[in-house]
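Nothing in this text is a laboratory measurement; each read-out follows from the coordinates by a stated rule. What you see is a predicted model, and the numbers here were worked out from it, not measured in a lab. In this analysis, Cβ positions are derived from the backbone assuming ideal geometry, glycine residues included, and neighbour counts consider all displayed protein chains.
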Amino acid sequence: MGSVTATVVPPTDSNVIRSFRTFRAIAASGFRRYATYRQAAVAGVVTNTVFGFLRCYVFLAVTDAAGTAGGYDRGQLATIVWAGQGLLAVILLWGWTDLADRIRTGEIASDLLRPVHPVTSYLATDLGRAGYASISRLLPPVLIGPLFFDVYLPRRWATLPLFVLSVVIAVVLCFGCRYLVNATAYWLQDVRGAMILWTLSSGTLAGLYFPLRFLPEGLQVALWAATPFPSLFQTPLDVLVERDPAPVQLGLVGLQLTWAVLILTACRLVQGRAERRLVVQGG
Amino acid sequence: MAEPGLVAERRPGALAAYRALLGAQARSQAAYRTSFVVDLVGNVGATVFDVVTVLVLFGVTRELGGFTLREALVIVGISAFGFATADLLVGNIERLPRYVRTGLLDAVLVRPLGALPQLLLMDLPLRKVSRAVFGLGVLVVAVTSAGLDWTAARLALVVVAPLAAIVFFGSVFVTTATVSFYWIDSGELANSVTYGGRDFTSYPITVYGGWFRAVFAYGIGFAFVSYHPALALLGRADPLGLPAWVGWASPGVALVAAAVAAAAWRVGVRHYRSTGS
């Protein structure tokens, strides 16, 4: 901590900077940790590519004579599919049980001894993981798709930064949801039931199996407003393909942000409650 | 030394041993009754949402690849029931990398029973029964509501085609799992053919195009699982121009797939070197 001294930096500031540095260090270690699973990344990209072909052909077959479906044209549907296949691994909808495993084995005790709040440190690790995934898993399908299909490229300059922002929020929100699902292990030990519910609802309601705009309008509004799921996956993709005019885009990202704040707050509350009743397993 | 393959199951007493394995599995899984019920309900959801997806797509369009909803449901029904049942019976073989890593496969190989049946019975996910039952329901609703022109041959096909689909998907599960004998970290690679195959066979293959359709439909053989039998049941000519008898070829194709899977498994087991831990 050589550069931070009491004379140069006011104490409050130094705390912020120091916790920022800690956060950055944890995120960097998350990045490095996931960067070691290179073969798994290759296998994942192949699988995403196959599903890209499957979904793309099916969604294109749905379009009418004018070449549109659910308000998307053919190019927009192709972009949604291929960017979506990449995005899937970045937000990591499924397959994260780190926290639940540590609660079950009792290793969570060592996390609680650390000076960083568990939600914060797991979030930092997850952002590092997402950073690596956006290179190893998001880029390949985004590059492969246009070789075989006509894709839609954003036309407004503001779309790309808004998309990046939307993806970052989606990662944080998805982390929060996964954290809550994992945290049921504090009470239930076995999270399989909660995990199944999460897997089912997230896959369908987030827009992975079909674009949510294919649903009746009333249902769409209800999903976006009452559940965090569309904000996980469908919103970033809709932003990318400019499905809506700019003000609506901004509104959707704002809604995403609201959900992320709500869910992260819930994570901290749940963690606090859990710590008060936790009996560490395994002694 | 005992042949570490499928032959050993003919040994006297082997059947009793397999029955004991299955019984132990059933008892242990039903021990936590609430968990088991949650699992049963949760598992049906996956197949329900596959069907819901098809319904949502037909909410946007009237025809998909030249097929109406009623016709497409026959394809979905064969695929959903075949996949769910195969997943129940042999789907857990996709956990082979874990068996290799934890050394369980070594333990299994030294026992005087077939390695594959042991692995399948030791890990049979009974909770997936609900999925297979739902798949059967979809199939029954589909073939009764499609207004089929019933003949004796079609009655036979409506029974044989789903069974062939089970055998085919089961063979795909086993064949793709053997990849992890050579490449432990292959991760979700197998999913692209197993779950990918399920998705591929859920729609008329006319929606796919180019070399992708050629590879999945005729290279791997997924066209014979649900698409061609459904055409034969519906009495429709193939828009892609294959003769009508192809619809009846699914049992033969399934047997070929099973032979390939058995061969791949044997070669894989022979190639297997323990992880050494």
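Across segment A:19-277, the fraction of Cα-Cα pairs farther apart than 34 Å, rounded to a whole number, is 18%. Put simply, the C-alpha atoms of segment B:78-121 give a gyration tensor, and the ellipsoid matching it has half-axes of 25, 12, 5 Å, longest first. In terms of Cα atoms, the Rg and Dmax of segment B:48-103 work out to 16.5, 52 Å. Sorted largest first, the spans of the alpha carbon positions of segment A:1-135 along the three principal axes are 70, 39, 25 Å. Extending 7 Å from Cα along the Cβ direction at A:ARG114 and again at B:VAL110 yields two label points whose distance is 4.0 nm. Across segment A:80-207, the convex hull enclosing all Cα atoms gives 118 Å³ per residue. With the gyration tensor restricted to C-alpha atoms of segment A:135-189, the semi-axes of the equivalent ellipsoid amount to 34, 16, 8 Å, longest first.
Note: relative contact order over chain B, using C-alpha pairs below 8 Å and six or more positions apart, is 27 percent.
When all alpha carbon pairs of segment A:192-233 are counted in 5 Å bins from zero, the resulting P(r) reads 5, 25, 30, 24, 10, 4, 1 %.
Remark: spin-label model distance A:LEU257-B:ARG62 equals 4.6 nm, labels positioned 7 Å along the Cα→Cβ axis. Every Cα-Cα pair of chain B was included, and the share exceeding 27 Å stands at 43 percent.
Three principal axis extents describe the C-alpha atoms of the protein assembly as shown; from largest down they are 91, 64, 40 Å.
Entry note, chain A: the mean residue ellipticity at 222 nm calculated from DSSP H runs of n ≥ 4, each adding -39500 (n - 2.57), is -23500 deg cm²/dmol after division by the residues and rounding to the nearest 500.
One chain, two ends: A:ALA222 and A:ARG277. Fully extended at 0.36 nm per residue, the span grows by 16.3 nm beyond their Cα-Cα distance. For the segment B:52-62, counting C-beta atoms of other chains within 10 Å of every residue's C-beta and taking the mean gives 5. Of the three principal axes defined by the Cα atoms of segment B:1-151, the extents in descending order read 60, 39, 29 Å. The radius of gyration of the Cα set in segment B:137-277, together with its Dmax, comes out at 17.1, 61 angstrom. For B:VAL141 and B:VAL37, a Förster radius of 22 Å and the Cβ-Cβ distance give a FRET efficiency of 0.35, rounded to the nearest 0.05.
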